[in-house]
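The values are calculated or read from the model by the stated rules, or taken from the named source; none is laboratory data. Computed from a predicted structure; not experimentally measured. Cβ placement follows ideal geometry from the backbone for every residue including glycine, while neighbour counts extend to all protein chains displayed. To get the accessible areas, we keep the full protein, side chains included, count just its heavy atoms, and leave off ligands, DNA and RNA. Shrake-Rupley method; radii C 1.70, N 1.55, O 1.52, S 1.80 Å.
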Amino acid sequence: MKEENLYTKPTKKQLLKFIIPSAIGIFLFLFPIPWKDSVNIPLGVISDFFAALIKPAASLGLMIVIMISALFSLITYLFKPKFIMDNKLLSKLFVTSPAYISTRILGSIVTIMCYFQVGPEVIISPDTGGTMMGLLETLVAWFFAASFLMPFLMDYGLLELVGTILRDFTGPLFKIPGRATIDLLASWIGNCNVGAVLTSQQYEKGYYTAREAITIATCFSAVSLPFCLIIAAMLGVDDKFIPFYAILCITGVLSVVIMTRIPPLNKYPDEYYPPVGKQIQEEEPEGIKKTQWGLKLAVEKAEKGLNIKQILYNGVETWLGIVFSLTPIVMSFGTLALVLATYTPAFDWLSSPFGCYLKLLGLEEAFKAAPATIVGFADMFIPAILAANIASYKTRFVIGILSLVQIIYMTEVGTLILTSKMPIGFKGLLAIFIEKTIISLPIIVLLTNLFGITG
């Protein structure tokens, strides 16, 4: 009787409303396809097409957007114009703190210098500001596509079904909800930035607690398979890519299992975003099967799914929020980090303890490799650039895997997390990054030895 009261078999129309959009979301975000002698996902193909389309005007457009962000944020802070303060979208874009206004102004100055190639070489060099301009052009294209397509993955019941079915696996192992499995797959197969934004939105909608969201964003936002191939090739270890990727996956899982049970991650509050409260119900009631309950939640979610007009509006709002808020910060912080890495010995000094750690773990050229263990906090490309000249194959192999496991880099993912509503600051991100590095290194070295990687 209980089961009959709780579960009513969905109609064909209800099932189709859940299945069709969810299948589109799975295909776009999670389905690997061969593309141009490599492997990509449809979202990546769409993003690459858009990036190529806007490339002739991308640098100019980026500079204009960052200048508008800085100028209107300053005007809003000083004069509080009514047309901005009373508009939901404009106030979301331009009402911010003095610290972020300063960052937006700095980002606009750096962008203008890089676009017109005026100013100190350390700022406008292809290794610093030039690199960031190129990264942002690609990032804007990725988020343009993802902002309009994410609802197919999030808003039509797929997360509810998967979350209910996998709760008993993800809960005990990682201390996160079952629906986080989709986050993991979306970022692991596709793009870590998309995974971070998806996590942030799920927190703001009441589906993750603060602790769960921070755990997912800092530990499950992995890089895509194609990027792993690129890093392996840069380091000259792509001939051993299968063990390379296997060790990366195993280390990622084991490090999360450990980190979720110790500070700082286990100290963040298990509280939902206050304005909305808890909106998740993965536990099935007594007397109903797990799959039936998951399907019930899925079709109910699909019934409330967005229509085309809402998808377009939300997509524009999400994309503009990312572009106006994120790009100036990425440009300023990213360029500063690359300047420190390229033109100063700062990372050499800071990495000395890790040189000792690498030596203790038996790796050759330990102190030469040490800067690559921490510079990934600035940007994901730099560790591979620094480690490419290391003679030891095994050391390059280990550093390559480590750089892909760490993945809290300030030029993109770190800044996305800091500018979200998740209650974590710069010190928290740095602590998690260092802890992940310390925990992951011995696991990587042990597995590398077990796989017989030498040289």
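Scanning the range 402-455 for residues that are within 19 Å of residue 376 (Cβ to Cβ) and charged (D, E, K, R) gives 412, 427, 435, 436. When residues in the range 339-365 are screened for being open to solvent by less than 10 Å² (accessible area, probe 1.4 Å) and in a helix (DSSP H, G or I), 2 of them pass. Give the residue that is farthest from residue 230 (Cα to Cα), with candidates limited to residues of the range 403-422 that are open to solvent by 30 Å² or more (accessible area, probe 1.4 Å) and in a loop (DSSP other than H, G, I, E, B). Among those that are open to solvent by 30 Å² or more (accessible area, probe 1.4 Å) and in a loop (DSSP other than H, G, I, E, B), it is 421. Here 44, 107 are screened, and the one residue that is in contact with a strand residue (DSSP E or B) (Cβ under 9 Å, 6 or more places away or on another chain), among the small types (Gly, Ala, Ser), open to solvent by less than 10 Å² (accessible area, probe 1.4 Å) and farther than 30 Å from residue 303 by Cβ is 44. Can you find a residue that is aromatic (Phe, Trp, Tyr), buried (at least 20 other Cβ atoms within 10 Å of the Cβ) and modelled with pLDDT of 85 or more anywhere in the range 145-158? Yes - at least one qualifying residue is present in the range 145-158. Residue count for the range 76-94 satisfying the condition of being outside any helix (DSSP H, G or I) and open to solvent by less than 70 Å² (accessible area, probe 1.4 Å): 2. Say we look at the range 423-441 and pick out the residues that are open to solvent by less than 10 Å² (accessible area, probe 1.4 Å) and out of contact with any Pro (no Cβ under 7 Å at 6 or more places or on another chain); which of these is farthest from residue 203 (Cα to Cα)? This residue is 441. Each residue in the range 180-202 was checked for being open to solvent by less than 10 Å² (accessible area, probe 1.4 Å) and at pLDDT 75 or above, and 6 of them qualify. Of all residues in the range 242-258, those that are modelled with pLDDT under 90 have Cβ atoms under 7 Å from Cβ atoms of residues that are open to solvent by less than 70 Å² (accessible area, probe 1.4 Å), 6 or more apart or on another chain, in 245/228; 252/222; 252/405. The residues listed here are 415, 411, 373; of these, the one that is within 18 Å of residue 444 (Cβ to Cβ), among the β-branched types (Val, Ile, Thr) and either modelled with pLDDT under 90 or over 17 Å from the mean Cα position of the chain (by Cα) (or both) is 373.
Filtering the range 281-336 down to residues that are aliphatic (A, V, I, L, M), open to solvent by 50 Å² or more (accessible area, probe 1.4 Å) and in contact (Cβ under 8 Å) with a residue 24 or more places away in the chain, which residue is nearest to residue 97 (Cα to Cα)? Checking each candidate, the answer is 316.
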